[in-house]
Amino acid sequence: MDPKNCVIGIDLGTSNITLSYSNLETEEIHSFDILQVSSPRLFHEKKHLPASLLLGLSDSEQEEQKKLPWLAEQGSDVLLSSTPGSYAKDKSLEASDRVVVSAKSWLCHKHLDPKTPVLPWGSSLPPERKVSAFATIQSFLEHLKLVFDWKNKKDLKEKLSLVDFDLVITVPASFDEDARRLVFEAASACGFKHFSLLEEPQAALYSWIHNYEKTWREEISPGDLILVCDVGGGTSDFSLVCVGDEAGQLSLERVSVGKHLLLGGDNMDHTLAYHLKTKFEAQGTKLDQWQYFSLVNQARSAKEKIFLDSTLEEVNLSVASKGSSLISNIKSLKITKQEIEKILADGFFPLSGKEERPTESTGIALHDLGLEYEAETAITKHLAAFLEKSAKNILSSERLKKLLEEAGTHIELDLKEEFIKPKAVLFNGGVFRAKILKDRILQSLRNWGCTDIKELPGNDLDLAVSKGATYYAKLKKSGKGIRIQAGTARSYYLGVESSGIAIPGVPPSLKGLCIVPQGTKEGTSLPEPKKQFGLITGRSVQFRLFSSDERASDFVGQEVDDASLLLKELPTMTVSLESKEGKSELVPVTLSSHVNDVGILEISMHQTGNKNKWNLEFNVRKTEN
């Protein structure tokens, strides 16, 4: 295994993490077995690393931790007092207040700093023993690096490090800018040098391409629209990809991406746990918070067992009281396969109508600051909203309409109805191991007019994303393979305060200046807007950034009135810009922007008439291509 001719893909999943690799000279993509603690003083290898982190190790446990071969030889301050993987996941059944799960979802939290140690959420651990979502992600990546390096030294007798390889790390398509930057920072903190990020739905499609690159015409045709339906542990993502034919070769272009949906397997686990809680209470057993958290983890385990083993008809669960007589206080019950499938199918994949849309939040003034899950659990309703939004996005862009027309897509009726009807579905995510859930999506699409919809076969739901990331890493390094054309999934805008007569009690209007049109490729230097702006220097100022996934026709320099109403506002950046005189002043500037190779939007503001320049960076990576 040589970093010069080998590449790596990492699926940084919400529930499970996998790693795949491939030699540039061969077509095979291999899965890497990940070493991890299985029980005290023991470890094993598995194809996936559960994204669980056990905290609060005692002094004796920490001493045992130091004896692990990958830690004994290399050391890691990050992992001496915690352990990720199988053991952590198993311990969550009895010690849920010491185990961090779904850390990746917390990277998107709007109101809690992902670098503040608040996890496990709701835990009784003192603040100094908790960790942040960022630190947890860093721990997972650090663990991959340590076990990869140690295993290669042991098996291949070579001193190789994961940080020396070209690798691709996947993130949800729905991740916001801050979450992507945090993943990038965590990887950099672990010493990774040659890496990029890739949307999970694209990675899943790349895996399918790898399997069907030579026989794709047997499954899809030029003009088809492929719906990538990715429901993972913490998020649900939808993408639409147009199939084309260039000189007999398959060509693909992503034409639409769904909104951020914090909705997935975690919601399902809590739903099953709530159902089980009512069953326990019907038996006279009232559960406290600690017992309920344990029940959530048992529900997750039961769901996974039922999905993995088609012959399994029921699973036993139990909760224990915290009294002195532990055995006598254990309460048990069973949950059946039929119960699980009905609860998940009806609650998350109902056969809703084409016109039904997700319901809004309850409007209650006070909310817990935990994960901000979607108020609407019906994934089929979110899918219908996505297909409607996709039609509006395509209608707004002559480029996209021309692309679809040239590909042979006949969607004139779809655009008139403002509802896209895909021809094929590629499923991704562990929940789709349950055939009934895939069938609900397919039946819903048929009910909405997709009469000839088909499922694309052949993807490994456990390993598709890491293998697809590896395929993409090979493509980037070798230049050989089928590339999904995409660019930025949204258009981006800077807030510009309008000048005008001041009116008491009425704030100045805010326009959105388009600085990155949707579909901008990485490595692109964009033209300057054809006007000057006034920039306040010499004091702290705010830059307000907006985005839109429904304005594909906007161009650099276009101004959108009422930006706060028509565009989605992103986190505000507050900075202090130096002035030559050291005092606050308004200077005339021109703007230039560049999306670099790792998806960071670089904005330069040049003072008119001299060489003064101020630079800003925003992470706008919504895709890699």
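Here, each number is a calculation from the coordinates, and none is a lab measurement. Quick caveat: nothing in here was measured; it's all calculated off a predicted structure. Ideal geometry is used to build each Cβ from the backbone, glycine not excepted, and the neighbour counts take in all protein chains shown.
Taking R0 as 41 Å, what's the FRET efficiency between residue 279 and residue 67 from their Cβ-Cβ distance, rounded to 0.05?
Computed FRET efficiency for residue 279 and residue 67 comes out at 0.45.
Under the 0.36 nm per residue contour assumption, what length would be gained going from the current alpha-carbon distance of residue 541 and residue 46 to full extension?
Gain on stretching residue 541 to residue 46: 173.2 nm.
For region 117-128, in order, what is each residue's ³J(HN,Hα) by Karplus, 6.51 cos²θ - 1.76 cosθ + 1.60 with θ = phi - 60°, in whole Hz (x at glycine and Pro)?
Taking θ as phi minus 60°, the curve returns x, 10, 9, x, 5, x, 6, 7, 4, x, x, 5 Hz for region 117-128.
Rank these for me by crowding, 99, 556, going from fewest to most other beta carbons within 10 Å.
556, 99
Under the rule a/c < 1.5 gives rounded, and otherwise a/b versus b/c splits prolate from oblate, where does region 491-619 land using the Cα gyration tensor?
Since a/c reaches 1.5 but b/c is at least a/b, the shape of region 491-619 is classed as oblate.
How do the peptides 144-156, 276-288 rank, highest first, by the average count of neighbouring beta carbon atoms within 10 Å per residue?
Per-residue mean Cβ counts within 10 Å order the peptides as 144-156, 276-288.
What's the tally of Lys pairs in region 491-619 whose alpha-carbon atoms lie under 17 angstrom apart, where the two lysines are 8 or more places apart or on different chains?
Lysine pairs satisfying the spacing and distance rule in region 491-619 number 7.
If we count every other residue with Cβ under 13 angstrom of residue 470's Cβ, Lys/Arg +1 and Asp/Glu -1, where does the sum land?
Once positives and negatives cancel, what remains is -1.
How would 212, 493 line up from fewest to most surrounding beta-carbon atoms within 10 angstrom?
Starting with the residue having the fewest Cβ neighbours, the order is 212, 493.
Over region 6-197, calculate the relative contact order: mean separation of alpha carbon pairs under 8 Å at least 6 apart, over the residue count, as a percent.
Once normalised by length, the contact order is 21 percent.
Restrict the search to region 37-104; then list the trypsin sites (Lys or Arg not before Pro) that DSSP places in a loop and that have at most 13 other Cβ atoms within 10 Å of their Cβ.
Hits after loop and neighbour filter: 41, 67.
Tell me the label-point distance for the pair residue 110, residue 5, using the 7 Å Cα-to-Cβ offset, in nm and rounded to one decimal.
Placing both labels 7 Å along Cα→Cβ, they lie 5.2 nm apart.
Could you give the nm distance between label points at residue 308 and residue 60, where each point is 7 Å from its Cα heading toward the beta carbon?
Distance between the two pseudo-spin positions: 3.0 nm.
Going by the alpha-carbon gyration tensor, a ≥ b ≥ c the square roots of its eigenvalues, is region 127-228 rounded (a/c under 1.5) or, if a/c is not under 1.5, prolate (a/b greater than b/c) versus oblate?
oblate
As I understand it, the value is the acute angle between the Cα axis of helix 265-282 and the longest principal axis of the Cα atoms of the chain; what does it come to in degrees, rounded to 10?
40 degrees
For region 219-332, restrict the atom set to alpha-carbon positions and state the Rg and Dmax in Å.
Reported Rg and Dmax, both Å: 21.9, 74.
Collect residues whose amide H, placed 1.01 Å from N in the peptide plane, falls under 5 Å from the amide H of residue 516; neighbours closer than 5 in sequence don't count.
Here the answer is 492, since their amide H atoms fall under 5 Å of that of residue 516.
Non-local amide H neighbours of residue 314 (under 5 Å, H modeled in plane, Pro and chain starts lacking H): which ones?
Residues meeting the amide H criterion: 337.
Gain in length, residue 531 to residue 565, computed as 0.36 nm per residue apart minus the alpha-carbon separation, to one decimal in nm?
Once the chain is fully extended between residue 531 and residue 565, it gains 9.8 nm.
Can you match Cα extents along the principal axes in Å to one of these, (i) 83, 57, 43; (ii) 95, 59, 44; (iii) 79, 62, 61, based on a calculation from the structure here?
So the structure-derived entry is (iii).
Between residue 354 and residue 399, what FRET efficiency follows from the Cβ-Cβ distance if R0 is 30 Å, with the result rounded to 0.05?
With R0 = 30 Å, the Cβ-Cβ based efficiency is 0.65.
Shape verdict for region 35-87, please, from the Cα gyration tensor: rounded (a/c under 1.5), prolate (a/b greater than b/c) or oblate.
Here region 35-87 falls in the prolate category.
Within region 20-70, report the GluC sites (Glu not before Pro) that DSSP leaves as loop and that have at most 15 other Cβ atoms within 10 Å.
25, 27, 28
Dividing the alpha-carbon Rg of region 448-497 by 2.2 N^0.38 Å yields what?
So region 448-497 has a normalised radius of gyration of 1.81.
Choose one of 540, 588, 571: the residue whose Cα lies farthest towards the positive end of the charge dipole of region 491-619 (beta-carbon charges +1 Lys, Arg; -1 Asp, Glu; about the Cα centre).
Highest projection toward the positive end goes to 588.
What lysines does residue 334 reach when the alpha-carbon gap must be under 27 Å and sequence neighbours fewer than 8 apart in one chain are set aside?
89, 91, 277, 279, 286, 303, 305, 322, 342, 435, 438
Taking θ as phi - 60°, what are the ³J(HN,Hα) couplings along region 179-195 by the Karplus curve (6.51, -1.76, 1.60), each to the nearest whole Hz, with x for Gly and Pro?
4, 5, 4, 5, 4, 4, 5, 5, 5, 5, 5, 7, x, 5, 10, 10, 9
Place a +1 charge on the Cβ of each Lys and Arg in region 491-619 and a -1 charge on the Cβ of each Asp and Glu, then give the dipole magnitude about the Cα centre in debye, rounded to the nearest 20.
Charge dipole, region 491-619, about its Cα centre: 380 debye, nearest 20.
Quote to one decimal, in nm, the extra length available between residue 26 and residue 214 on full extension: 0.36 nm per residue of separation minus the C-alpha distance between them.
Fully extending the segment from residue 26 to residue 214 adds 66.1 nm.
Taking H as built 1.01 Å from N, whose amide H comes closer than 5 Å to the amide H of residue 12, not counting residues under 5 places away?
Amide H to amide H, under 5 Å and 5 or more residues apart or across chains, residue 12 pairs with 170.
Using the Kirkwood formula over every pair of different C-alpha atoms, what hydrodynamic radius in Å results for region 50-153?
14.0 Å
Run the quick spin-label model on residue 575 and residue 590: label points 7 Å from Cα toward the beta carbon, then report their separation in nm to one decimal.
Distance between label points: 2.0 nm.
Per residue of region 24-39, what does 6.51 cos²θ - 1.76 cosθ + 1.60 with θ = phi - 60° give for ³J(HN,Hα)? Whole Hz please, x for Gly and Pro, Karplus curve as stated.
For region 24-39, the Karplus-derived couplings read 5, 8, 10, 8, 5, 10, 10, 8, 9, 6, 9, 5, 6, 5, 9, 6 Hz, x marking Gly and Pro.
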